[in-house]
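A short write-up of the structure that comes next.
The values are calculated or read from the model by the stated rules, or taken from the named source; none is laboratory data. What you see is a predicted model, and the numbers here were worked out from it, not measured in a lab. Positions of Cβ are backbone-derived with ideal geometry, glycine not excepted, and every protein chain shown enters the neighbour counts.
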Amino acid sequence: MNISIIGAGIGGLSAACLLASKGHKVSVFEKNNSFGGKMNLVEAEGFRFDTGPSLFTMPETLEALFTQCGTSLAEQLTLLPLTTNCRYTFADGTRFDNHHTTEENLAEIKRIAPEDLEAYKEFLSYSENLFHKTEHAFIRNPLFDVSDFKNLVLPSFFGIDAFTTVSKRVDSYFKSPYLRQFFKRFTTYNGSSPFLAPATLNVIPHIELNQGGYYVKGGLFKIAEALYNLTLSLGVEIHFDSEIKQVHTENKRVSSIELISGEKVSTSLIVANSDATETITQLFDKDSISHRKQQKAKSVEPSCSGFVLLLGINKKYEQILHHNIFFSENYEKEFEDLFVRKVMPEDPTIYIANTSFTDKEHAPEGSSNLFVLVNAPYLSDSFDWKDEAPSYANKIISILEEKGLTELSSSIQFQKIITPQDFYTTYRSNKGSIYGTSSNSKFSAFVRPRNKSRLVDGLYFVGGSSHPGGGIPLVIQSAFNSVQLIERYE
C-alpha cells in the first residue's frame, strides 16, 4: 500500500519503520524542518539540551520495534542506569534521593519516613499488581472492537482501581507528607492531576521504581535519531517543511493529502502522528467529518503543558544531580491553579534535568546545561504568555536561588524560553498540551482516541494524543496498535 504519515515525531517514525518493514511504500510529511516532534534538541554556545522526554522506561517496547525491523536496541543505543534516579527536595528542605536499587531506597525511607517503611513496600506491590492487570489488557491492546474487549478479564477490570483518585489511594497508604507528595508526582508523567486522575495511574511508580528508568548515552534525542536513520534504511521518504493543509476524502475514505504549498498527494491510507483533536478539527472539512463530531473532538480535555527554561550556566552545583525535583509547599493548590484556574502556580514544583552531570560534553568544562520544567496549564484566556513569559522566567530563577542555587542569574551564559504557545505553534498540539489527552477521568483508558478513526475510513492515529497515552514507550506502542489495526481492516 501507499501510506502517508503526518508528522515525524516518535509515533510517526515508529509507525513508518513498522510499515516499511512489512513492504509498504511509506512517505512521512513533517511541518517542521527536523524529526523527533517534541523529542527535540537545542545546541548553542557549547551547550546541548534535550527539550523533550528526559527519562526512558520500558525499553522492551523499543527493543520489539528494532527486532521487527531487523536490528536491536543494543546495536542502536547505549542505555545507562543512573545510580540516583532523582533527587527530591521538599519545601522544608528535606532531601530524598531515589536510587536505582530497592535496598538503597528503603534506607532513604527509613531516614525520612520510618513510619511508612512497610507501606512503601506494600504500595510498590500494589503498583506492580496494577501493571500486570493493565499491560496486556489495556496498554498493548488496541481496544477498538469487540474482539479486543474479549481480552479484558472482569476481575482485572474491577481491579484497576479506577473508582478513586491517585491522591486518595496514596493517602490511604502513607502517613508521611513526603511520601504522599512523592507518589502523587508520577501522575504528571502524562500531564494529569493526581487529585482528579484515577488511581489506575499508580501503575507508573512500578514502571520507574521496580522496572527501572534509564538515560540514553548522548541524550534521549538519540532515540529519535535511531528511528529516523532506521526509516531511511527501510526506504521511507521523509519530506520536511511539508505542512498538511487538508485531508481529502472520497465516499468517507481518505484519498489524498494537500500540502500548504498546494501539492496534492494520493494515498491509500493515513497514519496521523499529528494531535488527534487538531487532525479532526483542522484537517478535515465539514463534509468529511460533521460539525457536531468536530465539536465533540474539541471537547476532549488536553493534558497540561509546560514552561521550559534552557539555561547554560558557567558553574556547577554540588546539590544538582542528573534529575532533580524541588517540590511546592501546597501540591493541591498547584494543581488547582493548573487545571481549575488555568494559571501558572505562584509556588510551582520545579524539575531540572542536568544531563552534563552524566554526559560531560553537553556543557563546556566547569559548566552545566539545566533543562528547567514547570507544569503549565494548557492554553486559555486565563493566562497571556506573550506578556507573562519573561517575568515568570525571572520568578523561577529567583525561586531556585532561594532553594540553594546561589548566583544562578549571574551565571547564565545561554537562555531560551519555551512556553505552551510555542508547543502549539511548533507542534500543533491541542491547546499547547505536552502529553496529549489528560487522564482526569475514571475511564480515561477507554475514552482516549483510538488508533483507528471511527469517523473516516483509512485514518489511523499514533502519538500521545491517542491510545494508550503519552511517554516514549506508550507512543511507540501506539504505532504497534495502529499497525495491528491496519492489518486487520485494510
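Could we say that residue 147 is assigned to a helix (DSSP H, G or I), touching a His at 6+ places or on another chain (Cβ under 7 Å) and not aromatic (Phe, Trp, Tyr) here?
It is false that residue 147 is assigned to a helix (DSSP H, G or I), touching a His at 6+ places or on another chain (Cβ under 7 Å) and not aromatic (Phe, Trp, Tyr).
Anything in the stretch 422-464 that is crowded, with 24+ Cβ neighbours inside 10 Å, part of a loop (DSSP other than H, G, I, E, B) and among the β-branched types (Val, Ile, Thr)? List them, or say none.
434, 462
Can you name the residue in the stretch 434-465 that is modelled with pLDDT of 95 or more and of a type in the set (Gly, Ala, Ser) and, of all such residues, is farthest from residue 138 (Cα to Cα)?
Within the stretch 434-465, the match that is farthest from residue 138 (Cα to Cα) is 458.
If you take the residues of the stretch 364-394 that are among the charged types (D, E, K, R) and assigned to a loop (DSSP other than H, G, I, E, B), which of them is nearest to residue 316 (Cα to Cα)? Before the answer, list the steps.
Residues of the stretch 364-394 among the charged types (D, E, K, R): 365, 381, 384, 386-388.
Within this subset, residues satisfying the condition of being assigned to a loop (DSSP other than H, G, I, E, B) are 365, 381, 384.
Numbers: 365: 10, 381: 39, 384: 33 Å.
Per the stated criteria, the residue is 365.
Could you figure out which of (1) modelled with pLDDT under 95; (2) farther than 30 Å from residue 255 by Cα; (3) aliphatic (A, V, I, L, M) isn't true of residue 397?
Of (1) modelled with pLDDT under 95; (2) farther than 30 Å from residue 255 by Cα; (3) aliphatic (A, V, I, L, M), only one is false for residue 397: (1).
Report the residue count in the stretch 395-421 for those that are in contact (Cβ under 8 Å) with a residue 12 or more places away in the chain, assigned to a helix (DSSP H, G or I) and under 26 Å from the mean Cα position of the chain (by Cα).
Going through the stretch 395-421, the residues in contact (Cβ under 8 Å) with a residue 12 or more places away in the chain turn out to be 396-397, 399-400, 403-405, 407-409, 411-421.
Now drop any that are not assigned to a helix (DSSP H, G or I), which leaves 396-397, 399-400, 408-409, 411, 420-421.
Okay, now just the ones that are also under 26 Å from the mean Cα position of the chain (by Cα), so 396-397, 399-400, 420-421.
Of the residues in that region, 6 qualify.
Only residues that are touching a Phe, Trp or Tyr at 6+ places or on another chain (Cβ under 7 Å), surrounded by fewer than 16 Cβ atoms within 10 Å (Cβ to Cβ) and in a helix (DSSP H, G or I): list them for the stretch 318-358, please.
Across the stretch 318-358, the qualifying residue is only 332.
Would you confirm, using the coordinates I've provided, whether residue 298 is in contact with an Asp or Glu (Cβ under 9 Å, 6 or more places away or on another chain) and surrounded by fewer than 18 Cβ atoms within 10 Å (Cβ to Cβ)? Let's see the steps before the verdict.
Values: in contact with an Asp or Glu (Cβ under 9 Å, 6 or more places away or on another chain): no; surrounded by fewer than 18 Cβ atoms within 10 Å (Cβ to Cβ): yes.
It is false that residue 298 is in contact with an Asp or Glu (Cβ under 9 Å, 6 or more places away or on another chain) and surrounded by fewer than 18 Cβ atoms within 10 Å (Cβ to Cβ).
For residues in the stretch 363-378 being touching a helix residue (DSSP H, G or I) at 6+ places or on another chain (Cβ under 7 Å) and of a type in the set (A, V, I, L, M, F, W, C), which is farthest from residue 421 (Cα to Cα)?
Applying the filter and picking the extreme gives 363.
With respect to residue 417, is the statement that it is aliphatic (A, V, I, L, M), modelled with pLDDT under 95, within 18 Å of residue 372 (Cβ to Cβ) and in contact with a helix residue (DSSP H, G or I) (Cβ under 8 Å, 6 or more places away or on another chain) true?
Numbers: aliphatic (A, V, I, L, M): yes; modelled with pLDDT under 95: no; within 18 Å of residue 372 (Cβ to Cβ): yes; in contact with a helix residue (DSSP H, G or I) (Cβ under 8 Å, 6 or more places away or on another chain): yes.
Against the criterion (aliphatic (A, V, I, L, M), modelled with pLDDT under 95, within 18 Å of residue 372 (Cβ to Cβ) and in contact with a helix residue (DSSP H, G or I) (Cβ under 8 Å, 6 or more places away or on another chain)), residue 417 does not qualify.
Write out, first by first residue and then by second, each pair whose Cβ atoms fall under 6 Å of each other, whose residues are 6+ apart or on separate chains, and whose first residue, in the stretch 371-389, is among the hydroxyl-bearing types (Ser, Thr, Tyr) while the second is assigned to a strand (DSSP E or B).
Correct list of pairs: 378/302; 378/305.
To keep it simple, each residue is scored yes or no on (1) touching a Pro at 6+ places or on another chain (Cβ under 8 Å); (2) touching a residue at least 60 places away in the same chain (Cβ under 8 Å).
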site	(1), (2)
165	yes, no
169	no, no
190	no, yes
197	no, yes
202	no, yes
211	no, yes
219	no, yes
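Which of the following residues is at pLDDT 90 or above, surrounded by 17 or more Cβ atoms within 10 Å (Cβ to Cβ) and in a helix (DSSP H, G or I): 138, 131?
Numbers: 138 fails: at pLDDT 90 or above.
Criteria check complete, one pass: 131.
When you go through 438, 453 one by one, which is the residue that is touching an Asp or Glu at 6+ places or on another chain (Cβ under 8 Å) and among the hydroxyl-bearing types (Ser, Thr, Tyr)?
It is 438.
From the list 117, 77, 73, pick out the single residue that is touching a Lys or Arg at 6+ places or on another chain (Cβ under 8 Å) and either free of Cβ contacts under 8 Å to residues at least 24 places away in the same chain or surrounded by fewer than 18 Cβ atoms within 10 Å (Cβ to Cβ) (or both).
Values: 77 fails: either free of Cβ contacts under 8 Å to residues at least 24 places away in the same chain or surrounded by fewer than 18 Cβ atoms within 10 Å (Cβ to Cβ) (or both); 73 fails: touching a Lys or Arg at 6+ places or on another chain (Cβ under 8 Å).
The match here is 117.
Which members of the stretch 274-295 meet the condition of being assigned to a loop (DSSP other than H, G, I, E, B) and surrounded by fewer than 19 Cβ atoms within 10 Å (Cβ to Cβ)?
Of the residues in the stretch 274-295, the ones assigned to a loop (DSSP other than H, G, I, E, B) are 274-275, 283-290.
If the condition is that a residue be assigned to a loop (DSSP other than H, G, I, E, B) and surrounded by fewer than 19 Cβ atoms within 10 Å (Cβ to Cβ), then 285, 286, 287, 290 are the ones that fit.
Inside the stretch 465-490, can you point out the residues that are touching a helix residue (DSSP H, G or I) at 6+ places or on another chain (Cβ under 7 Å) and outside any helix (DSSP H, G or I)?
Across the stretch 465-490, the qualifying residues are 465, 466, 467, 468, 469, 470, 471.
Hey, residue 361 hits all of (1) touching a Lys or Arg at 6+ places or on another chain (Cβ under 9 Å); (2) part of a loop (DSSP other than H, G, I, E, B); (3) of a type in the set (Asp, Glu); (4) in contact (Cβ under 8 Å) with a residue 24 or more places away in the chain but one; which does it fall short on?
Failing condition for residue 361: (2).
Scan the stretch 294-347 for residues that are small (Gly, Ala, Ser) and either in contact with a Ser or Thr (Cβ under 8 Å, 6 or more places away or on another chain) or in contact (Cβ under 8 Å) with a residue 12 or more places away in the chain (or both) and jot them down. Spell out how you get there, then give the answer.
Of the stretch 294-347, the ones small (Gly, Ala, Ser) are 297, 299, 303, 305-306, 312, 328.
Listed by number, the residues that qualify are 297, 303, 305, 306, 312, 328.
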